[in-house]
Amino acid sequence: GADIIIGNQAAYVGRMVSRVQRIPWVYCAASPLALPSPTQPPLFPYLFGLQRRLRTTNWAQRPFLPLAQGVTRLFMQENVAFQRRLGIWNGLHPRFEGLYSDQLNLLMVSPALMAKRPDWPARTTLAGFGWFEPRYMDDAAAQGHLDAFLQRGSAPVVIAPGGSTRTQPTAFFETALAAVKGAGRRAVVVAAKRFHGQLPQSDPDVLVCPYLPYSCLLHDACALIHSGGIGALGWAVRSGVPSLIVPKNWDHFDNAEIAEQANVARVVWRGGTEPQRVSAGLSELLADRAIHASLARIGPALLAEDGAKKAAQAITEHLLA
C-alpha cells in the first residue's frame, strides 16, 4: 500500500521491492561517491592514488568508473541471482545504475561544496545537507566536562575518527594526539567509552569524551581532525572549523578531494600514521588564511541550508505530479 519507496546506496532491497511491487522509487544518496559522474569520476578506494596522479588529464579518468563497476560486479552476483529468481533482473549494475531512479534522485550534499554534474542521471537534485541533531547523544555530565575544559584555555583541536577507524582507533588517536602536541594545541578526543582507558586521563591539555553532537563538539574548536566522512565534513564547514582529513576507506578519499577543492580542508593523503606529517598538516591548516576565508564565505550558506526540507519538497512534487 505504499505510495513510494525511498532508499540509499546501502539498501539494495528497497530497489528490488519497488520493482516487484511496481512502487515508485526515489534514490537518496548520502555521499557523492554513491552517485558517480562518468566524465568526472569520484576517487574510489584503492584507486585514488592513481586517479590523483592522472587528475590533470580528463580523458584518463574515464576508465576508472567502468573499472570500479567491473570489480564490484563480482561481489554482487548473489544479488543478481536473487533478482533473476524474482524475475526483475534488468541487466543493470545493482550497486550503480541499477539503484538509480528514472523518477527522482537526491544527493544530500551542499551545492556550496560541489557543483551538480551534467552527466548525472536525469531528474537528479542536489538537495543539500539534512542536518540532524542526535539528541540521544545528549550527555549532561560529558557536556559539563567539555564546557569546563573549553573555559580553561585556548580553542582545542577536536579528534574524531570515522568509518572503520572508529572500531580500531588506537593508532589514529596516537598519531593525532602527537600531532596536536607538536602544534602546541589542546585536544578533545571523541571516542566510544570502551576506548577511554587507552587514552590520556591526567593530561590537563587533553579531554577524552564520549560521542556528543557535532554542534556541541565544534562550538569552540580551532580544527577538526577526522577521516573524511561526509557528515563530519558538513558539520565542520557549517561551524566554520577547518578540517584536517586523514582518509581511511569508503568515501573518505572522494570527500577529502571535494573538501580540498572547496578550500575548506587540508588532506594527509599519504603517511596518515606518521605524526610528523599530520603535525605539519595541522600547523599549515591553522595558519592558512585562505581556508579560513573560504569557511567564512561557505559556512553561512550551510548554516542556512535545509536539505531535508528541499528533499521533502522534491518528493512531494513528484507524488503530486
Checklist outcome for this item: With Cα coordinates, the longest principal axis of the chain makes an angle with the long axis of helix 64-73, in degrees rounded to 10, of 70 degrees
Next on the checklist: Among the listed pairs Lys248/Lys309; Lys181/Lys248; Lys193/Lys248, which have their C-alpha atoms separated by more than 24 angstrom in this model?
Outcome noted: Lys248/Lys309
Next on the checklist: Between Glu274 and Tyr136, what's the calculated FRET efficiency when r is the beta-carbon distance and R0 is 35 Å? Round to 0.05.
Outcome noted: 0.45
Next on the checklist: Helix 307-320 against the longest principal axis of the chain: what's the angle in degrees, Cα atoms only, rounded to the nearest 10?
Outcome noted: 10 degrees
Checklist entry - Under a plain spin-label model, where a point goes 7 Å from the Cα along Cα-to-Cβ, how far apart in nm are Ala290 and Ala2? => result 4.6 nm
Checklist outcome for this item: For Asp220, the accessible surface traced by a 1.4 Å probe with all protein chains present amounts, in square angstrom to the nearest 10, to 80 Å²
Checklist entry - Of the peptides 122-135, 231-244, how do they stack up when ordered by the mean number of other Cβ atoms within 10 Å, highest first? => result 231-244, 122-135
Checklist outcome for this item: Given 74-83, 297-306, the highest-first ranking by average Cβ count within 10 Å works out to 297-306, 74-83
Next on the checklist: Given R₀ = 22 Å, what would the calculated FRET efficiency be for Arg152 paired with Ala178, taking r from the Cβ atoms and rounding to 0.05?
Outcome noted: 0.50
Checklist outcome for this item: Heavy-atom accessible area of Glu274, protein chains in place, probe 1.4 angstrom, given in Å² to nearest 10, is 80 Å²
Checklist entry - How far is the Cα center of the range 120-178 from the Cα center of the range 52-115, in Å? => result 29 Å
Next on the checklist: Once ligands and nucleic acids are excluded and a 1.4 Å probe is used, how much of Leu43 is accessible, expressed in Å² to the nearest 10?
Outcome noted: 0 Å²
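The values are calculated or read from the model by the stated rules, or taken from the named source; none is laboratory data. Quantities reported herein were computed from a predicted structural model and do not represent experimental measurements. Heads up, the Cβs are rebuilt from the backbone with ideal geometry, glycines too, and the neighbour counts pull from every protein chain shown. Surface accessibility is based on the protein's heavy atoms, side chains included, excluding ligands, DNA and RNA. Shrake-Rupley method; radii C 1.70, N 1.55, O 1.52, S 1.80 Å.
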